[in-house]
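Chemist: Structure provided below as structure tokens; questions to follow.
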Amino acid sequence: MHQNKRKAILVFAILVAPVILLRLATAAYPIGQTIWLSMTDTHLFESEHAFVGLDNYRNLFADPEFRSILGFSLVFIVASTLLEIFFGLLIASLLNTKFKGRFLARTINLLPWAIPTIVAAYAFQWLLDDQFGMFSHWISQFTGMRPSVMSSALNARITLILVNVWKNASFMAIIFLAGLQGVPQELYEAARVDGAGPLTRFFKITIPMLMPLLITMGMFFLIWQLTNFDLVYGLTSGGPGTATTIVPLNIFHEGLIFFKFGYASAISVILMVFVAVLGLVGVWQFRRFDY
Amino acid sequence: MNNLKSNNNSVNKGALAQKLFMYIALAIFVLVVIIPFYWLMKASVSTPEQLVEIPPLLFPKPVLDNFQTLATQLPLTQYLLNSIIFSGVTALATVFCCFLAAYAFARIPCPGSSFLLWALVITMALPEIATIIPLYRMLGAMHLLDSLTGLIFVMTSVLTPFTVWVFIPFIKQIPISIEEAAVVDGANLWTILWRIYLPVMTPAIVTMMIINFVNAWNNLLYPLTFSVTAKSKCMSVAITEVFQTEVPWGQPWHLVSALGVVMVIPVLVLILSSQRAVVRGLTHGAVK
Amino acid sequence: MACTRRKFMKSTAQATFAGTASAGFFLSGCNKKDSSNKVKLGVSGFSADAYRKLIDELGFTDKTGIEVEVVLRPKTTNELLMQMASSIQAGTSPYDILDFEDSIAMSLSRAGWLAPLDDLISQDVWDDFTPALMKMTKDWDQYKGQTFRIHHNFELCYWWYRKDWFDSKGIAVPKTWDDVSAMGKVFTDKAAGIWASEEGLIKNCNLSVYLEWITRQAGGNPYQAGPELQAALRYIHDLMFKHDVMNPSCIQKNYDQQNNDYIADRVAFMRQWPFFYDVTRQHKKWFNEDKVVCGLPPVGPAGAASSTYACGWGWGIPKTAPRYDQACELLKFLISVENSPKLLKYSNWFLNARHSVLNAAGEDGLVKYLKMYLDAGIVTTRPFHSRRYTEAVSKIENIASAYLTNQITLADAMKSTRKKMDLL
């Protein structure tokens, strides 16, 4: 038994080695460096840098602008993720039913996600333009008004979230679709014989069977959207004001545009703490859903 | 008897309503997805003059000048080839490594495996931009700057945590009894992975392959910072380079959208061909 | 089980090794070491052809034996900055000599990454600079007593208007801020989407350009957060919300959208860089001379003398340039009194306020407008923040953009601007 256990550990180690080594090589050092930099006042314009302890963090949380950016980021990732899961499930179940042209529909589903984010962002900038945009054109035909969706803080925020959902829901959907294909059809047959309607089947079979996947994907999207900013960058540049600025965009500005490495690293570390907590939830659910 | 008949009728009616509802939902879904994409396609075959017409032209007479301009401005075939190698090798390498790791995490009990998994997630936490300067130094030291190998190395590493995370629930979904039965039959681990898990997981594996391919395909940051010359530049970098004559600022929308279309086509081809593989894999697994 | 697992380990290890090795071998075959010793000149795509031609035709390689490769840099400031920051810190650079804009100049020079160029600039080159160019060079190209960039163009914020519209309405072009305020009643037709004026005011250096321009007209520098900035902000806000002169949705528009609105007959007048001259001429069906005329900008509270400002792009050499010496030769060639007037033949991109260039330039096209502005004596230098330009720009843009979308009041905007500028 003891022998077996050691063998198991060895096999485990060999199987995970490629992934762990890759991550160690490319992520461990940057993370360590970021944590160290976050406690210094490193600015590339200055030749001397000093250790400042937690000053950067104190300054960050004292800055009302950063607090509002953090607040919107949370709203942005939570609202986007929930909507993406919702629509992703809807699309996946839709595409899992049998109908003519299903193959085509599944391919179409992937379009939004296959378009490079930055191109999609420009596309929506044009689509939503108050002069050349199709939306504003149609709306002005019906109402006589030309909406300018981007020039108020609330509208810009809603638009950003919706475009983000448009872009990513299909990504969710294909993973859920792969998950649905693993759900044994017998379960549905049995339920149908028992007289369960489509809604009941959805809630009693589909959702529970996909639960681990739902949580995995939800968690991943929270993390992923917490660290990516291409869409915001291309669509709104974080404006108007800082209404649609999210934390990674802020890091980009502070670090790579202003060259305030110390300060930017402190924001990165805060982001890391968020992700660490989310990761704990994820690991916990993997244990919980052990079959 | 009567009772049964009416019951049957209502079931039919219900099924019909269900079908109708499904088709309406499908139509809405397709429209929502297609309209912005159509807008992109339309722009890619419009002249700059047509783009500034008000009201917007719904069906412009298509011209292919934009694609021609793109091809003269940039070494497009080279970029395309680089992108295909970069994304293809990255997707394969990621899925291979992660499949093994995910099996270990899901099925082999080992002290500290939860912690390791958690650590893997945390490495995703650093925004890409926070990693590029150390990575640049590292690749420079390894003489991998401005090379596809370097890009593949970095990108594969970036994609692993997510791939592992998605594979784990898929592996857990498979009843362990199958594996146990196989072990009783004398199958070794390789056979188990190859003959049992791989076929059943084909949809997940192909899906992740596509996802990783597209993620690498659309990644801008690493090719932008690590590639200097055309020998390692990818399609995504082209977006930062296309230009309109005599216009130092802004994005030439007709060219960017043409580039967007050029970038989507290979992905669509990949998706279309892989769908068949998924179906084949499924039937293969079922026969077994 | 144990035995089978060992077997598995072995085969996996073999497969992994073989896979990695063959992939590595295959790929290393693909990227042979670049042994070419050509100087890499990084330029924006739109000017690449002009550069290739002029280097070819002016005979640089024949004279020096140095070969030049024109490579494309990313168009946008942020992307270039990202590329430069990572490569220079790793001790190299993708370009040996680079053509770049003000924000890049500020960041790279303050970080100490650009080589001093004073030894490359002979006295006759300095003598060739007009006072206006000299003034600009002092602010934007010199730091701590050293020159780090040399301008090749001298670009003004021009004021463009639809002469045909003004003529058909039979009214004069606005001469002052007050005149501009009255234009809303004349031109604006909201339902049709037509506005008297429009700007591209999205953040990322579009909004800051306009703010710098208007604040200059109010007699100040926005980065000093003084009463001039307050006057400028109030004026812009009034143009949008009180007088219906300017389209409020332009707060999220970029230059492309702004120019397109003008070309789509939606705008009567606006500020824009000289490239607008070429943009409008590319729309052949739409274009005629009366549609795009350049006039003197409406005069603000500070008087005509500070109606507009100049800025431009120029060449610099990264300290970490792999072919540093050859790059120096190329730079000397490009800036020489003999060659700089010849550059103008290849592109408007080299329209500079140097005596030799202006003398050779004639009176056509953009040159006419440049001379008109210079003769009127209305050109100042671009306002700037010496220590932390990019950061100051971004802070001011955030606040102004919030104020112009009514998220905060003017008093709050001024208060937080002062606070942010003090922290820099």
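Chemist: In percent, how large is the relative contact order of chain A, given Cα pairs closer than 8 Å and 6 or more residues apart?
Modeler: So the answer I get is 28 percent.
Chemist: Could I ask something else about it? Would you work out the charge dipole size for the protein assembly as shown about its Cα centre, treating the Cβ of every Lys and Arg as +1 and the Cβ of every Asp and Glu as -1, and quote it to the nearest 20 debye?
Modeler: 3900 debye
Chemist: Which cross-chain or sequence-distant (5 or more) residues have an amide H under 5 Å from the amide H of residue A:40, H modelled 1.01 Å from N in plane?
Modeler: Close amide H contacts, sequence-distant or interchain: A:52.
Chemist: Under 24 Å Cα-Cα from residue C:53, which lysines qualify once same-chain neighbours fewer than 8 residues away are excluded?
Modeler: Counting by Cα, and skipping residues close in sequence, residue C:53 has these lysines nearby: B:231, C:38, C:40, C:63, C:75, C:332, C:342, C:345.
Chemist: Sticking with this structure for a sec: Give a residue-ordered list of calculated ³J(HN,Hα) values for the stretch C:127-132 (Karplus: 6.51 cos²θ - 1.76 cosθ + 1.60, θ = phi - 60°; whole Hz; x for Gly, Pro).
Modeler: Once θ is set to phi - 60°, the couplings for the stretch C:127-132 become 5, 6, 6, 6, x, 5 Hz.
Chemist: Let me check against my output: what whole-number percent is the relative contact order of chain C, with C-alpha pairs under 8 Å and at least 6 apart? Mind showing how you got there, number by number?
Modeler: On the way: 633 pairs, mean separation 103.6, N = 424.
24 percent.
Chemist: Oh, and also: Within the stretch C:236-270, find all residues whose amide N lies under 20 Å from a label point positioned 7 Å from the Cα of residue B:49 along Cα-to-beta-carbon.
Modeler: Flagged as within label range: C:257, C:259-267.
Chemist: OK, next. Between residue B:231 and residue C:139, what FRET efficiency comes out of the Förster formula 1/(1 + (r/R0)^6) with R0 = 60 Å and r the beta carbon distance, rounded to 0.05?
Modeler: With R0 = 60 Å, the Cβ-Cβ based efficiency is 0.90.
Chemist: Can you put A:138, C:160 in order of Cβ neighbours within 10 angstrom, beginning with the fewest?
Modeler: Working: A:138 12, C:160 23.
In increasing order of surrounding Cβ atoms, one gets A:138, C:160.
Chemist: On to the next question. What lysines could a cross-link reach from residue C:163, if we take a straight Cα to Cα line under 26 Å and drop same-chain neighbours fewer than 8 places away?
Modeler: Of all the lysines, those that pass the test against residue C:163 - Cα under 26 Å, at least 8 places apart if same chain - are C:175, C:185, C:190, C:242, C:253, C:284, C:285, C:291, C:368, C:371.
Chemist: Hey, for a label at residue C:410 modelled as a point 7 Å past Cα toward Cβ, could you say which residues of the stretch C:230-270 have their backbone N under 17 Å away?
Modeler: Within reach of a label on residue C:410: C:230-246.
Chemist: Next question, about the same structure. Taking 0.36 nm per residue of separation and subtracting the Cα-Cα distance, what length does fully extending residue B:12 through residue B:177 add?
Modeler: Stretched out fully, the residue B:12 to residue B:177 stretch lengthens by 55.4 nm.
Chemist: Which whole-Hz couplings ³J(HN,Hα) result when phi for each residue of the stretch C:354-362 is put into the Karplus expression 6.51 cos²θ - 1.76 cosθ + 1.60, θ = phi - 60°, listed in order with x for Gly and Pro?
Modeler: 9, 3, 4, 6, 5, 5, 7, 7, x
Chemist: If we count other beta carbons within 10 Å of each Cβ, what is the order of A:103, C:350, fewest first?
Modeler: Placing the least packed residue first, the sequence is A:103, C:350.
Chemist: For a quick check: with amide H placed at 1.01 Å from N, whose amide H comes under 5 Å from residue C:143's, ignoring anything fewer than 5 positions away on the same chain?
Modeler: Those lying under 5 Å, H to H, from residue C:143 are C:148.
Chemist: Is the C-alpha gyration tensor of the stretch C:266-424 telling us rounded, prolate or oblate? Criteria: a/c under 1.5 is rounded; beyond that, a/b larger than b/c is prolate, otherwise oblate.
Modeler: Oblate.
Chemist: Along the stretch B:44-59, what does the Karplus equation 6.51 cos²θ - 1.76 cosθ + 1.60 (θ = phi - 60°) give for ³J(HN,Hα), rounded to whole Hz, x for Gly and Pro?
Modeler: 5, 10, 9, 7, x, 5, 5, 5, 9, 7, 10, x, x, 6, 7, 10
Chemist: Taking only DSSP H segments of four or more residues, each worth -39500 (n - 2.57), what value at 222 nm results for chain B once the sum is divided by all its residues, to the nearest 500 deg cm²/dmol? Could the numbers behind the result be given before it?
Modeler: Values: 12 runs with 209 residues, N = 288.
Roughly -24500 deg cm²/dmol at 222 nm, from the helical runs in chain B.
Chemist: Which distance in Å, rounded to a whole number, links the C-alpha centroids of the stretch C:203-229 and the stretch C:386-407?
Modeler: 10 Å
Chemist: In deg cm²/dmol and to the nearest 500, what is the mean residue ellipticity at 222 nm of chain C if only DSSP H runs of at least 4 residues count, each as -39500 (n - 2.57), divided by the residue total?
Modeler: Values: 20 runs with 211 residues, N = 424.
Taking each H run of at least 4 residues, the total per residue is -15000 deg cm²/dmol.
Chemist: Now for a separate question. Rounded, prolate or oblate: pick one for the stretch B:70-287, where a ≥ b ≥ c are the square roots of the eigenvalues of its C-alpha gyration tensor, a/c under 1.5 means rounded, and failing that, prolate if a/b is larger than b/c, else oblate.
Modeler: Because a/c hits 1.5 or more and a/b exceeds b/c, the stretch B:70-287 counts as prolate.
Chemist: Related question: Between the alpha-carbon centers of the stretch A:216-291 and the stretch B:195-269, tell me the distance in whole angstrom.
Modeler: Here the answer is 22 Å between Cα centres.
Chemist: By count of other Cβ within 10 Å, fewest leading, how are C:127, C:265 ordered?
Modeler: On the way: C:127 11, C:265 17.
Fewest-to-most Cβ neighbours within 10 Å comes out as C:127, C:265.
Chemist: If the label point is 7 Å along Cα→Cβ of residue C:127, which residues in the stretch C:343-384 have backbone nitrogen under 20 Å from it?
Modeler: Under cut-off, by backbone N: C:353-361.
Chemist: Continuing with the same structure: Would the stretch A:64-288 count as rounded, prolate or oblate if I go by the C-alpha gyration tensor, calling it rounded below 1.5 in a/c and otherwise prolate when a/b exceeds b/c, oblate otherwise? Don't skip to the end; give the middle numbers.
Modeler: Values: a/c = 2.53, a/b = 1.35, b/c = 1.88.
In terms of gyration-tensor shape, oblate.
Chemist: Also: To the nearest 20 debye, what charge dipole does the stretch A:64-288 have about its Cα centre, counting +1 at the Cβ of each Lys and Arg and -1 at the Cβ of each Asp and Glu?
Modeler: 480 debye
Chemist: Still on this model: Could you state the angle between the C-alpha long axis of helix C:324-335 and the longest principal axis of the C-alpha atoms of chain C, as a value from 0 to 90 degrees rounded to the nearest 10?
Modeler: Helix C:324-335 sits at roughly 30 degrees to that axis.
Chemist: What residues qualify as long-range amide H neighbours of residue C:69, i.e. H under 5 Å apart, gap of 5 or more or another chain, H built at 1.01 Å from N?
Modeler: It is C:39, C:40, C:41, by chain and number.
Chemist: Eight or more residues apart or on different chains, and alpha-carbon atoms under 28 Å: count the Lys pairs in the stretch A:64-288 matching that.
Modeler: Qualifying lysine pairs in the stretch A:64-288: 4.
Since every read-out is calculated from the coordinates, none of them should be taken as a lab result. Note that the structure is predicted; figures quoted are calculated from it, not measured. Using ideal geometry, Cβ is built from the backbone for each residue, glycine included, and neighbour counts are taken over all protein chains shown.
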